[in-house]
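Report on the structure given below.
The values are calculated or read from the model by the stated rules, or taken from the named source; none is laboratory data. Please read these numbers as outputs of a predicted model, since none were measured by experiment. Quick reminder, even Gly has a Cβ in these numbers, built from the backbone with ideal geometry, and neighbours come from all protein chains shown.
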Amino acid sequence: MKFKGQLIVLLLCLITKLFADQPSDPQINLNSLPQVFDIDSILNSLVSKPIDVSDSIMSFNADSAKFIQSTTDIPEEVLPELNNFDDLIPEIQNNLVYSYKIPTELPLLPVDTLVLLNNPFFINLVFTGIKLDFNWKKADLKTLYYGNEPKTIADISFKTPQLKKEDEVIYDLRNKARNEISRTAANLYSTTFDQLPNPESNKNNYIKGLNLDKIIFVEKDMVNPYDSKINIIKEKVSPWSKKAQGMVQFSQNLVSGNWYQGGNSNMAVLGVLTGQMNYDNKKNIQFENNAEWRMGFYFVDDSTALRPVNTNNDILKVNSKLGFKINGNWFYSGSIDFSTQFLNNYQAVNSEVLKASFLTPVRLNVGIGLDYKYKKIFSLALSPLSYKYIYVNDTTHVNQNLFGVKKDENKLSEVGSAFKATLSYSPVREIQIDSKLSFFTNYEKVEVDWEIVGTFVVNRFLSTRLSINPRYDNTVIMTNGEKARIQFKELLSFGFSYKLID
């Protein structure tokens, strides 16, 4: 009980201190002044009419006369009794020590438009904290709650008001509004100042932008920056798209001369250069162009080899396809496929039998029909009418029967039907699968070529490539009753790749 009694007494003392301890001017005894000047009512009344100080002076008693004498030059013997105090109003006004004139009109002050436009209340509110400059020792909680320190009559009466600059007035108004929101509607804040990103972290970051080819200066009188609309320039996207990639692949096998199982060391090098140039007007026309050049060599450490370097891959392909959209995914299409080679290619490292040479053979396929496309992943071109042309440049060293060309001739022309299915799919970012299946028939024999290439990307410059190429062609002119069989070629390599145009 004793402890509770002390606590109650302490709380009563704190409350008494809070409401009774107000600052005062030591030169003036406020206990002798029963009334104060209502400065707010004086300033508010200026809006409607000009008034004198006497309109806001309330009735004083005899003690108030001593205060008037201390603030004026009126002699003591001139002061009348309280009932004739109204007669002294003109004398008081003419002899005020701190006299000033109340303005009859409020002039318009010029304000910088940037100060007005830079209004923090037009964006999401950010809580910057309450200014804690009150007196903690006196527990001045009223200053914290009301935002201003309480003033006495000595602080505000008979003193010339200090006119602030326009930017200071705007700052004070905004600060008071912010304090009012902090006290009564803190839920309007979207974040706090300490949670904002640090501008120093992005100060030195380079922002890549477009080069300004032409700068146009606009006169100030031509455009009002606050009333004009934002002009958004629509960038025109070209219907042409280009891609190019180059790679160099390697595969290697090393066998020592005394290896117990025997064998030969070998190494293969493959260079691939691909490019695309496609046109798509996003409406009804698509024009696709693809080119590929592969050149591969292999080296064998074999004493019986006739040549230290041999060719195992040499081909140049150029494909073009023009499509006119019908509806949905169907197009009328026309395609041209061209392929040839440049270097000599022998049957084996220890053989003189030449299988192919410069421009031997040259293949050309032209087809007209329909093309079904699914996004950019799959395409199936059906050509009911197709033309096949083969040209053999060297019939002396190369057997033209290997390409279906008859003896004593160097070219072949056939009409038939064909289709071509292409697939370009990337199940994940690091894997790319490309497949091309070509089929041609002259209604007697068929030629099928299927090429599957899987590229496994290690990083931007390194990749692994797996190429599988099965082929069947019974248009070849066989001898001694031989029959055509499935041909097959496979190569697994690792090396460098680089996107030249993307």
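When restricted to residues that are of a type in the set (S, T, N, Q) and modelled with pLDDT of 95 or more, segment 423-437 contains 1.
Within the option set 433, 390, being of a type in the set (Val, Ile, Thr), out of contact with any helix residue (DSSP H, G or I) (no Cβ under 9 Å at 6 or more places or on another chain) and assigned to a strand (DSSP E or B) holds for one residue only, 433. So which residues in segment 415-429 are more than 17 Å from residue 337 (Cα to Cα), in contact (Cβ under 8 Å) with a residue 24 or more places away in the chain and exposed (fewer than 13 other Cβ atoms within 10 Å of the Cβ), if there are any at all? Passing the criteria: 425, 429. The residues in segment 225-256 that are modelled with pLDDT under 90 and touching a Ser or Thr at 6+ places or on another chain (Cβ under 9 Å) can be counted, and the count is 7.
A quick yes/no check of all residues on (1) buried (at least 16 other Cβ atoms within 10 Å of the Cβ); (2) not β-branched (Val, Ile, Thr):
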position: 301; (1), (2): no, yes
position: 307; (1), (2): no, yes
position: 323; (1), (2): yes, yes
position: 330; (1), (2): no, yes
position: 333; (1), (2): yes, yes
position: 336; (1), (2): no, no
position: 341; (1), (2): yes, yes
position: 351; (1), (2): no, yes
position: 372; (1), (2): no, yes
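So which residues in segment 265-296 are buried (at least 16 other Cβ atoms within 10 Å of the Cβ), among the polar types (S, T, N, Q) and either at pLDDT below 90 or farther than 29 Å from residue 345 by Cβ (or both), if there are any at all? Listed by number, the residues that qualify are 266, 278, 286.
Can you say whether residue 412 is in contact with a Gly (Cβ under 6 Å, 6 or more places away or on another chain), aliphatic (A, V, I, L, M) and under 19 Å from residue 340 (Cα atoms), as far as the supplied structure shows?
Values: in contact with a Gly (Cβ under 6 Å, 6 or more places away or on another chain): yes; aliphatic (A, V, I, L, M): yes; under 19 Å from residue 340 (Cα atoms): yes.
Yes: the conditions hold for residue 412.
Scan segment 293-341 for residues that are among the hydroxyl-bearing types (Ser, Thr, Tyr) and in a loop (DSSP other than H, G, I, E, B) and jot them down. Residues satisfying the conditions are 303, 304.
Looking for something loosely packed, with under 14 Cβ neighbours inside 10 Å and either assigned by TED's automatic domain parsing to the domain that holds residue 252 or in contact with a Leu (Cβ under 6 Å, 6 or more places away or on another chain) (or both) - is there at least one such residue anywhere in segment 463-476?
Let us first name the residues in segment 463-476 that are loosely packed, with under 14 Cβ neighbours inside 10 Å, namely none.
No: segment 463-476 contains no residue that is loosely packed, with under 14 Cβ neighbours inside 10 Å and either assigned by TED's automatic domain parsing to the domain that holds residue 252 or in contact with a Leu (Cβ under 6 Å, 6 or more places away or on another chain) (or both).
When restricted to residues that are free of Cβ contacts under 8 Å to residues at least 12 places away in the same chain and closer than 20 Å to residue 267 by Cα, segment 451-502 contains 0.
If we keep just the residues of segment 158-186 that are loosely packed, with under 11 Cβ neighbours inside 10 Å and over 24 Å from residue 112 (Cα atoms), which is modelled with the lowest pLDDT? Spell out the reasoning first.
Just the residues of segment 158-186 that are loosely packed, with under 11 Cβ neighbours inside 10 Å, to begin with: 160, 162-163, 165, 168, 173, 184-186.
Then drop every residue that is not over 24 Å from residue 112 (Cα atoms), which leaves 160, 184-186.
Working: 160: 59, 184: 82, 185: 83, 186: 82.
This residue is 160.
Within segment 269-294, residues that are charged (D, E, K, R) have Cβ atoms under 8 Å from residues that are not in a strand (DSSP E or B) in these pairs: 280/239; 282/239, counting only partners at least 6 apart in sequence or on another chain.
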